[in-house]
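First the structure, in the form of structure tokens, and then the observations on it.
The values are calculated or read from the model by the stated rules, or taken from the named source; none is laboratory data. This one's a predicted model, so the numbers in the text were calculated from it and none came from an experiment. Here the Cβ is made from the backbone with ideal geometry for all residues, glycine too, and neighbour counts use every protein chain on show. Just the protein is used for accessible areas: all its heavy atoms, side chains included, with ligands, DNA and RNA removed. Shrake-Rupley method; radii C 1.70, N 1.55, O 1.52, S 1.80 Å.
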Amino acid sequence: MASEEASLRALESLMTEFFHDCTTNERKREIEELLDNFAQQIGAWRLCLYFLSSTRNDYVMMYSLTVFENLINKMWLGVPSQDKMEIRSCLPKLLLAHHKTLPYFIRNKLCKVIVDIGRQDWPMFYHDFFTNILQLIQSPVTTPLGLIMLKTTSEELACPREDLSVARKEELRKLLLDQVQTVLGLLTGILETVWDKHSVTAATPPPSPTSGESGDLLSNLLQSPSSAKLLNQPIPILDAESEYICSLALECLAHLFSWIPLSASITPSLLTTIFHFARFGCDIRARKMASVNGSSQNCVLGQERGRLGVLAMSCINELMSKNCVPMEFEEYLLRMFQQTFYLLQKITKDNNAHTVKSRLEELDESYIEKFTDFLRLFVSVHLRRIESYSQFPVVEFLTLLFKYTFHQPTHEGYFSCLDIWTLFLDYLTSKIKSRLGDKEAVLNRYEDALVLLLTEVLNRIQFRYNQAQLEELDDETLDDDQQTEWQRYLRQSLEVVAKVMELLPTHAFSTLFPVLQDNLEVYLGLQQFIVTSGSGHRLNITAENDCRRLHCSLRDLSSLLQAVGRLAEYFIGDVFAARFSDALTVVERLVKVTLYGSQIKLYNIETAVPSVLKPDLIDVHAQSLAALQAYSHWLAQYCSEAHRQNTQQFVTLISTTMDAVTPLISTKVQDKLLLSACHLLVSLATTVRPVFLISIPAVQKVFNRITDASAQRLVDKAQVLVCRALSNILLLPWPNLPENEQQWPVRSINHASLISALSRDYRNLKPNAVAPQRKMPLDDNVTDEMLSFFLTLFRGLRVQMGVPFTEQIIQTFLNMFTREQLAESILHEGSTGCRVVEKFLKILQVVVQEPGQVFKPFLPSIISLCMEQVYPIIAERPSPDVKAELFELLFRTLHHNWRYFFKSTVLASVQRGIAEEQMENEPQFSAIMQAFGQSFLQPDIHLFKQNLFYLETLNTKQKLYHKKIFRTAMLFQFVNVLLQVLVHKSHDLLQEEIGIAIYNMASVDFDGFFAAFLPEFLTSCDGVDANQKNVLGRNFKMDRDLPSFTQNVHRLVNDLRYYRLCNDSLPPGTVKL
């Protein structure tokens, strides 16, 4: 006894020292080693049992439980049966004796350890494991403890995390499923008892927003009046103990619902009870009472009541997330929706006491999130199922969703609701596409709701209606998607507008365009307020209120211009003629606005509040150009129509647009505006391509500016865009004209002079007087840029370059990349040298993909460079540099040059029935395959995934696995490597892909796989005995379909790992029979 006491004091001292701030890491490592050694001792658990019953030190208790956990999960098989019985008896007794005094985290850990024993031994050696839990739940004194045990059992046994054999996992799931009905009955009873007990004693409350509600909508949503009456009962006030028990019961239900199938075990009375508790989340009265009564205890009570609502909604959402609904459960589902929408009506009911928004603000944020999750699941998973029920009023539901959406207290809540509307609009669009005959009927049913949604979303993006909220949005900080909060808000809103436009184009346009017109009138009217001052032009609007109103109007105009641009796609294609006049009206307005902004130079005007109004004016101008650019496809379609009708109207539109664009292509214009103008110019030159574009004076002016050596150069981005536009004007064919009218000779001369002017400075560079070095360093930035240039050249112009020149370039590069140069370049991870080698390999990828015989003579030297010079350098390096490009090159070489390795004639194929091609260049093919095999032994998961995909592609396209050389010499080596990868769990994210690849390889020779490979694989497995190998072999059924085969593979891998774990847990010298 004294030695046990001394051990406990020593352990307490060690633990206190370990967690002390002053303890060094080195000392911590020493203590850790000491504790690990103690835990590995046979019989250490006895001391730990003493520690648990004799200490109050949390660290010591947690350590002792960890020793038990390790013993049960990793060494249980080797523990003598007498010791196991003792542990199974002592730990539950310890829990029962101390569960009320133990800290909650120690109590939960002790529960987990007992459940771990059940996971190993129930029902064979621990037959009363589950019975004990049911008894704990049924005894009022231990109900909370029983519920904690039940939830832990559900977590640990339904989907076991530790290694267990597949057979045991299946057995545990079946054992638990057998208990589900009993468990759900118990939980229903607990919740109903608490509710009924407190409902009887609840005082009748005064009339309030939460009691006695009724109405047409309610009677529609809830078929039976008794159901409505039931849900209208006042919510009882629960004591702390009852709330705790109910929260545990709801947590249990939520976890059970995550894995049990939908069935009759989930009774109507259980669902109704859960909905009773869901009402706690929207019970403002109780929260108010808690805060009015003042004490902190009451506030905590109020929060707990809200938490019951959150937990109940979690249970509902778990059921909602199941897509597979048995026929007999559909009625329950409908009842769930009716009851949830009753709650939604309570939340959104407007009356004198509360506006909807303030009510939502008073509710628990987590409850609102759960409710929004429910609505999302309803629309995405169940709407198509429920919409057909005549008794379910979908339009009324949309009315409630509308109120809920537009009274959200937070931006995130609003975004989430917009996502739900997007899902609904997608559903509606796909429904109409699949049932075109019913299109009008479907649209008529939802038309009012959609128009209302469109109007409200448009109002929400305008400062005119929603200034307070919009000013809260951050327009500076970029998120992971490189957009600000304001940009995200606008983009999500405009997506909803666009989807409504797709369904109701006329309504959407007639709603949006007048709003745009109103703001345009303000913008176009600014000219009358421009006065000339000493330093230029000034906007004579100075009153603070006027400036604020102008700021809001300009922000709104900018948003509405983006909206108009987003809708451009709905005016082209089949509907071009039908919606022509609307589109023409929009485009004419946009052309007018862009010209107006450029002519009066609003971007350079002085304003009373330059930090606000000037950016606003620039943004409106830029957005008008961007919106016009969005209509470039419409203009292209108009161009082809105009070509047939030769209309002056189209010519005027394009000429005026160029008059608006040209003044902005200047170094004096802000970058934002300059780039918008350049992008529009590129679209006109590339997408629209009218014949007369080059003859417009404004375009000539741009040509002159770019080719003028004395003109100041634009910023690089703009310069590139303008050059691209001018080049495209000359290079791209004019639409709707035959080849002989394209005027290629004249355009060619003009293009040559353009290129000559653009490259003037480069060509005037004087050659360096010093003789250039013979060898170029590969890790040099100039070499990097040169390789980029040649890569672009090969991708775009290899045909025009001609064979001799191309051959010369390739040969020069092959000579340049020597083994020494490559080794030196690749040595430094992420260096310029690595990038240069990667670009060279990309150039070779282009070369090997080229059809025809022109570049085939280079194949031997390319493969030699890869396998003899690059591969040996990178093979054993952990760095991913160069590897992806090298293996892509090898894949492209095989894929596009299959006949370099396998000669096959049609006649030979027909004669043999199966093409056994004549093999050529076998050593090179084998070396490439070996490199692929080696890559699967490395930890880089991206390379593994890429290379597995390449092999599968070669098999799909070229029957790689069927080739004799692969089948006889490599097939089962690859299967072996892939199985080992699964066993070692090194690439677990790719389990599914690996399983499919093993199947595809094995299916080439199933007989060989089952008769030779599998026994050989099992024989070579270490860590398992002969009997276990036999069991593994027997359990691998000889199924030849993909799902069953891959299931067998994963079972084999799982059980092999489990047997190794079991064998490792046996004490040394154990005799296995």
Worksheet item: For segment 568-718, what is the charge dipole size about the Cα centre, in debye to the nearest 20, if Lys and Arg each add +1 at the Cβ and Asp and Glu each add -1 at the Cβ?
Response: 340
Response to the item:
Under the rule rounded for a/c under 1.5, else prolate if a/b exceeds b/c, else oblate, using alpha carbon gyration tensor axes a ≥ b ≥ c, segment 395-469 is classed as prolate
Worksheet item: How big, on average over all directions, is the shadow cast by the Cα convex hull of the chain, in nm²?
Response: 60.0
Item to complete: Starting with the highest mean, order 147-154, 866-873, 666-673 by the number of other Cβ atoms within 10 Å, averaged over the residues of each peptide.
Response: 147-154, 866-873, 666-673
Fill in: Extreme residue, positive dipole direction of the chain, given options Ala39, Thr16, Ile530 (C-beta unit charges)
Ile530
Discussion item. Can you compute 3J(HN,Hα) from phi for each residue in segment 558-573, using the Karplus curve 6.51 cos²θ - 1.76 cosθ + 1.60 with θ = phi - 60°, rounded to whole Hz and x for Gly and Pro?
Written reply: 4, 5, 5, 5, 5, 4, 4, x, 5, 8, 4, 5, 8, 10, 10, x
Fill in: segment 376-490 - percent relative contact order, Cα under 8 Å, separation 6 or more
19
Discussion item. Given an 8 Å cut-off on Cα distances and at least 6 residues of separation, report the relative contact order of segment 1-104 as a percent.
Written reply: 24
Worksheet entry | Per-residue HN-Hα couplings for segment 1017-1027 [Karplus 6.51, -1.76, 1.60; θ = phi - 60°; Hz; x = Gly/Pro] | 4, 5, 4, 7, 6, 9, x, 9, 8, 4, 5
Fill in: Loop-located GluC sites (Glu not before Pro) in segment 915-962, at most 12 other Cβ atoms within 10 Å (DSSP)
Glu920
Worksheet item: List the trypsin sites (Lys or Arg not before Pro) in segment 66-118 that DSSP assigns to loop (not H, G, I, E or B) and whose Cβ has at most 12 other Cβ atoms within 10 Å. Which are they?
Response: Lys100
Discussion item. Considering only protein heavy atoms and a probe of 1.4 Å, how much of the accessible area of segment 608-732 is carbon and sulfur, as a whole percent?
Written reply: 53
Discussion item. If I histogram all Cα-Cα distances within segment 130-196 using bins 5 Å wide from 0, what percent of pairs lands in each bin?
Written reply: 3, 16, 25, 22, 15, 10, 5, 2, 1, 0
Worksheet item: In segment 935-1073, what is the volume of the convex hull around the alpha carbon atoms, normalised per residue and reported in Å³?
Response: 111
Fill in: segment 527-683 shape via C-alpha gyration tensor axes, a/c threshold 1.5
prolate
Worksheet, complete the sentence: the chain: relative contact order from alpha carbon pairs under 8 Å, six or more residues apart, as a whole percent, is 7
Response to the item:
Sorted on mean Cβ neighbours within 10 Å (highest first), peptides 504-510, 367-373, 19-25 come out as 367-373, 504-510, 19-25
Discussion item. Under 4 °C and 1.567 mPa s, how fast does segment 613-684 diffuse according to Stokes-Einstein, given a Kirkwood radius computed over C-alpha pairs? Answer in µm²/s, whole number.
Written reply: 100
Response to the item:
Listed by chain and number, the residues whose amide H is under 5 Å from that of Ile530, excluding neighbours fewer than 5 places away on the same chain and using placed H, are Asn540
Item to complete: Can you list which of the trypsin sites (Lys or Arg not before Pro) found in segment 692-722 are DSSP loop residues with at most 12 other C-beta atoms within 10 Å?
Response: Arg713
Worksheet entry | Accessible area per residue in Å² at 1.4 Å probe, computed on the chain | 47
Discussion item. Name the residue from Gly833, Ser553, Thr686 whose Cα lies farthest towards the positive end of the charge dipole of the chain, charges +1 on Cβ of Lys and Arg and -1 on Cβ of Asp and Glu.
Written reply: Thr686
Worksheet, complete the sentence: In terms of the charge dipole of segment 957-1051, which places +1 on Lys and Arg and -1 on Asp and Glu at the beta carbon, the residue among Asn1030, His984, Phe1045 farthest towards the positive end is Phe1045
Worksheet, complete the sentence: If every Lys and Arg gets +1 and every Asp and Glu gets -1 at its Cβ, then about the Cα centre the chain yields a dipole, in debye to the nearest 20, of 1860
Discussion item. List the aspartates and glutamates whose Cα sits under 20 Å from the Cα of Lys499, skipping any in the same chain fewer than 8 residues away.
Written reply: Asp419, Asp426, Asp438, Glu440, Glu447, Asp448, Glu456, Glu569, Asp574, Asp582
Response to the item:
Where a ≥ b ≥ c are root eigenvalues of the Cα gyration tensor, a/c under 1.5 meaning rounded, otherwise prolate if a/b exceeds b/c and oblate otherwise, segment 12-148 counts as oblate
Fill in: Theoretical ellipticity at 222 nm over the chain - DSSP helices of four or more residues, -39500 (n - 2.57) apiece, nearest 500
-22000 deg cm²/dmol
Item to complete: Would you grab the residues whose amide H sits under 5 Å from the one on Phe902? Only those 5+ places off in sequence or on another chain, please, with H modelled 1.01 Å from N.
Response: Glu920
Worksheet item: Over the Cα atoms of segment 617-765, what is the Rg over Rh ratio if Rh follows Kirkwood?
Response: 0.97
Discussion item. Which entries of Lys93/Lys174; Lys112/Lys151; Lys322/Lys403; Lys151/Lys174; Lys964/Lys985; Lys842/Lys903 have Cα-Cα distances beyond 21 Å here?
Written reply: Lys93/Lys174; Lys322/Lys403; Lys964/Lys985; Lys842/Lys903
